[in-house]
Structures are given as structure tokens and as C-alpha cells.
Amino acid sequence: MACDILQSIKIDNNYKSFTDRYFTKRYIIDFNGIKNNDIMIMFHSNRVALLCLAPSHFFFKNNNNYKLNFSVGNIDRLSNTVKGKSKKGGQMLTPKSVICKIDYEDGTSFDVPSCMKSTLIEVNEQLVSDPHLLRKKPDADGFIAILLSSIAISDATKNELLSYEDYIKVIDRLTK
């Protein structure tokens, strides 16, 4: 009586992604008063935050070709280098600091702000070679940047922003 072990167990293919398991999603609606300029920040318990575009961002309604430009003003975000445990050398950010520009083929563009006081740890360099990750996996491999802030700022920002449940309620109300 042979028993195939793979057939003896039920495999659930509904695995949560790494970010769904370990990060808390928070949302900003209409950042800077711009309609549908919605941002998602995913917070880890160690204060690391991932900056992403929220699913309701106007970017996802525009199907034009695009590229990400991490050179903003006199600053090249790609040249950001941090060293050591204290992340020395990271670029300091305010909530309105621009992380990158998304440039469309037709010449239009928009800025992606950091949305919180923090230090830029790293930008997602994969988006330069494969910008479509931003559209395909916006809350995983398509994150825009990794930010780090103090415990107090991280907790305060997390408390000010919308939870996933509140975000869904607001989006549902706005689309009706």
C-alpha cells in the first residue's frame, strides 16, 4: 500500500505575500490636494517603511508608457548611499520631498512625494530597468523607496494615516 505524500496533504495556494505578512498598510488620500494622488506607506515593526502608490492612485488609470526618473532637482536619489547600523549618509526627507518623477511618453509627468519625515534608505533600482513592476506588483516588488524614521515619527505617522478598512470606506464613498 503505497501512499504519495504530496497527495496526502492539502496545499493552500492562498499564501500571503511577504509584505502582507510583515507590514501594516496605511494610506493617504489626495496628497497635497491633488485628486487621486493616493499614497500607500507600509510600516514594519522595526520602523522601516515602504513607499508605494495606493491602488486608487491616478497612475493606475493611465495606460501610457512611462519611466521613473530618480533625478529630482539637483539630487540624484539613485546615488543615495547609507552605511552602518545608524544608516549614516541617508538623504533627509520631509513629507513633501520628491522621491522620483514618473514621466510619460507624451511629455506629462508627476512627482511621487515621501509623505513623511524620514531618511531615504534606498530607492527601488529595479524600477529603472523594469518600470512595469510599479504597475504589476505595486505593494511588493514595485515599491518605490525604503524609508526610515524615528519611533515617535513612525508611530505618529501611522496613527494619522488611514487603515486599510478606513481607506476602503473612503474610496467606496468617493466612487459612488
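Computed from the coordinates by the stated procedures, all read-outs in this text should not be read as laboratory data. Fair warning: this is a prediction, and the values are worked out from it, not measured in the lab. Don't worry about glycine lacking a Cβ; one is built from the backbone with ideal geometry, like all the others, and counts go over all protein chains shown.
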(request) Work out, step by step, the length gained on full extension between K88 and S163: first 0.36 nm times the residue separation, then minus their alpha carbon distance; give nm to one decimal. (result) 23.9 nm
(request) Could you work out how far helix 164-175 tilts from the main Cα principal axis of the chain, as a 0 to 90 degree angle to the nearest 10? (result) 70 degrees
(request) Would you kindly state how much longer the chain becomes between S109 and R173 on full extension, computed as 0.36 nm times their sequence separation minus their alpha carbon distance, in nm to one decimal? (result) 20.3 nm
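Starting from the Cα-Cα distance between K101 and F18, subtract it from 0.36 nm times their residue separation and give me the gain in nm to one decimal.
Roughly 27.2 nm would be gained on extension.
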(message) Please compute the modelled spin-label separation between H132 and A152, points set 7 Å along Cα→Cβ, answer in nm with one decimal.
(response) 4.7 nm
(request) Could you state the angle between the C-alpha long axis of helix 151-160 and the longest principal axis of the C-alpha atoms of the chain, as a value from 0 to 90 degrees rounded to the nearest 10? (result) 80 degrees
(message) Helix-only mean residue ellipticity at 222 nm, the chain, DSSP H runs n ≥ 4 weighted -39,500 (n - 2.57), per residue, nearest 500. What is it?
(response) -5500 deg cm²/dmol
(request) List the pair-distance distribution P(r) of region 43-120, using every Cα-Cα distance, as the percent of pairs falling in each 10 Å bin from 0 up to the bin containing the longest distance, rounded to whole percents. (result) 16, 45, 30, 9, 0
(message) Let me make sure I get this right: for region 73-176, a, b and c are the square roots of the gyration tensor eigenvalues over alpha carbons, sorted descending. Under 1.5 in a/c it's rounded, otherwise prolate if a/b > b/c, else oblate. Which is it?
(response) oblate
(request) Sequence neighbours fewer than 8 away in the same chain don't count; with that in mind, list the aspartates and glutamates whose C-alpha is under 15 Å from K87. (result) E122
(message) Straight-line reach only, C-alpha to C-alpha below 20 angstrom: list the aspartates and glutamates that K136 could link to, leaving out same-chain residues fewer than 8 apart.
(response) D20, D38, D103, E105, D111, E125
